[in-house]
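For reference, the structure discussed in these notes is given below.
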Amino acid sequence: MLIRRERPSDTQTVRAVTAAAFEQVEHSAPPVEPDGVPGEATLVGWLRDDPGWVPELSLVAESGPSGAEVVGHVVATHGRLADRPTLGLGPLSVHPAHQGRGIGSALMHTLLGAADATGEPVVVLLGDPALYSRFGFVPAGGLGIESPDPAWGDYFQARTLSAWRAEYAGRFRYAASFDRL
Ligand SMILES: CC(C)(COP(=O)(O)OP(=O)(O)OC[C@H]1O[C@@H](n2cnc3c(N)ncnc32)[C@H](O)[C@@H]1OP(=O)(O)O)[C@@H](O)C(=O)NCCC(=O)NCCS
């Protein structure tokens, strides 16, 4: 398996992988396009045109029989924490035929390492603590990071990085594209 930045030629495959991954998820975002793909697949396309897009942090995993098939994707984009650009992670997708082999974990570790290396203070996400605590995510509220939606409770999580400072706490808002879903 190889993890690398996405290239323009990956766009359609990333969309297909995201759609296939979220078609399995009971509470995926409702479709917003006539072809009925889950909203997360549309969101990835919107995010590429969003001011919060960070090209260094849209990563793909290559695997498969040919060794060069894109089978997974993760992206983090800049929302805002109080008045500061801050990374929100998602969607994270691994094609169902390739799940359970460590690809999602490799994408997550690579993204967190890249974000730390570029001086980002923190990454937030909405997801199951059972899955994300192994990557160092904790309930964001404990760090003073307020969720965009209080109903998310401990599912709104944060992973601090080397540049984190307690005074950065405040209310988080995702990149505007998330509000279109
Ligand atoms: C979540 C996802 C990216 C994990 O990818 P993966 O390549 O299967 O992950 P890994 O093989 O690295 O496994 C990581 C661990 O997470 C667990 N896991 C996978 N999905 C999980 C979920 N929804 N909730 C809790 N744990 C989960 C796996 O069982 C595995 O645990 P183990 O090592 O103790 O067996 C993939 O299952 C997927 O694309 N799911 C659909 C889309 C989705 O839910 N994305 C995340 C929310 S944005």
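The values are calculated or read from the model by the stated rules, or taken from the named source; none is laboratory data. Computed from a predicted model, the values in this text were never measured in an experiment. For neighbour counting, all protein chains shown are included, and Cβ atoms are generated from backbone atoms with ideal geometry for every residue, glycine included. We work out accessible area using only protein heavy atoms, side chains counted, and drop any ligands, DNA or RNA first. Shrake-Rupley method; radii C 1.70, N 1.55, O 1.52, S 1.80 Å.
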Out of the range 84-129, which residues are assigned to a loop (DSSP other than H, G, I, E, B), near the ligand (Cβ under 8 Å from one of its atoms), within 19 Å of Ala158 (Cβ to Cβ) and open to solvent by 60 Å² or more (accessible area, probe 1.4 Å)? Asp128
How many residues are on the phi < 0 side of the Ramachandran plot, out of contact with any helix residue (DSSP H, G or I) (no Cβ under 8 Å at 6 or more places or on another chain) and of a type outside the set (Val, Ile, Thr) if we restrict to the range 24-38? 4
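Look at Ser177 and say whether it is within 21 Å of Glu40 (Cα to Cα) and in a helix (DSSP H, G or I).
On the way: within 21 Å of Glu40 (Cα to Cα): yes; in a helix (DSSP H, G or I): yes.
In short, yes.
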Report whether or not Thr160 is away from the ligand (no atom under 12 Å from the Cβ) and open to solvent by less than 60 Å² (accessible area, probe 1.4 Å). yes
Return only the number of the condition from (1) part of a helix (DSSP H, G or I); (2) within 12 Å of the ligand (Cβ to nearest atom); (3) closer than 16 Å to Trp164 by Cα that Arg134 does not satisfy. (3)
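Could you go through the range 23-36 and let me know if any residue there is touching a strand residue (DSSP E or B) at 6+ places or on another chain (Cβ under 7 Å) and among the hydrophobic types (A, V, I, L, M, F, W, C).
So the first thing to find is which residues in the range 23-36 are touching a strand residue (DSSP E or B) at 6+ places or on another chain (Cβ under 7 Å), and the list is none.
Within the range 23-36 (the criterion being touching a strand residue (DSSP E or B) at 6+ places or on another chain (Cβ under 7 Å) and among the hydrophobic types (A, V, I, L, M, F, W, C)), the answer is no, since none of the residues qualifies.
Can you tell me which residue within the range 55-81, out of those that are more than 16 Å from the ligand (Cβ to nearest atom) and closer than 18 Å to Gln157 by Cβ, is most open to solvent (accessible area, probe 1.4 Å)?
Here is the first cut: in the range 55-81, the residues more than 16 Å from the ligand (Cβ to nearest atom) are 55-56, 65-68, 78, 80-81.
Those left that are additionally closer than 18 Å to Gln157 by Cβ: 78, 80-81.
Details: His78: 53, Arg80: 119, Leu81: 3 Å².
My answer is Arg80.
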Can you pull out every residue in the range 142-164 that is more than 25 Å from Ser28 (Cβ to Cβ) and in a helix (DSSP H, G or I)? Gly142, Leu143
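Every residue, every condition in (1) within 19 Å of Leu43 (Cβ to Cβ); (2) at pLDDT 95 or above, yes or no:
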site	(1), (2)
Val60	yes, yes
Pro65	no, no
Val70	yes, yes
Ala114	no, yes
Glu146	no, yes
Arg159	no, yes
Glu167	no, yes
Anything in the range 4-40 that is without any contact (Cβ under 8 Å) to a residue 40 or more places away in the chain and in contact with a Ser or Thr (Cβ under 9 Å, 6 or more places away or on another chain)? List them, or say none. Arg15, Ala19, Pro31, Glu33, Val37, Pro38
Here is a list of conditions, (1) more than 16 Å from the chain's Cα centre (by Cα); (2) open to solvent by less than 20 Å² (accessible area, probe 1.4 Å); (3) free of Cβ contacts under 8 Å to residues at least 40 places away in the same chain, and Gly144 meets all of them except one; can you say which number that is? (2)
Take the range 15-54 and flag every residue that is away from the ligand (no atom under 12 Å from the Cβ), of a type in the set (Val, Ile, Thr) and within 13 Å of the chain's Cα centre (by Cα). Val54
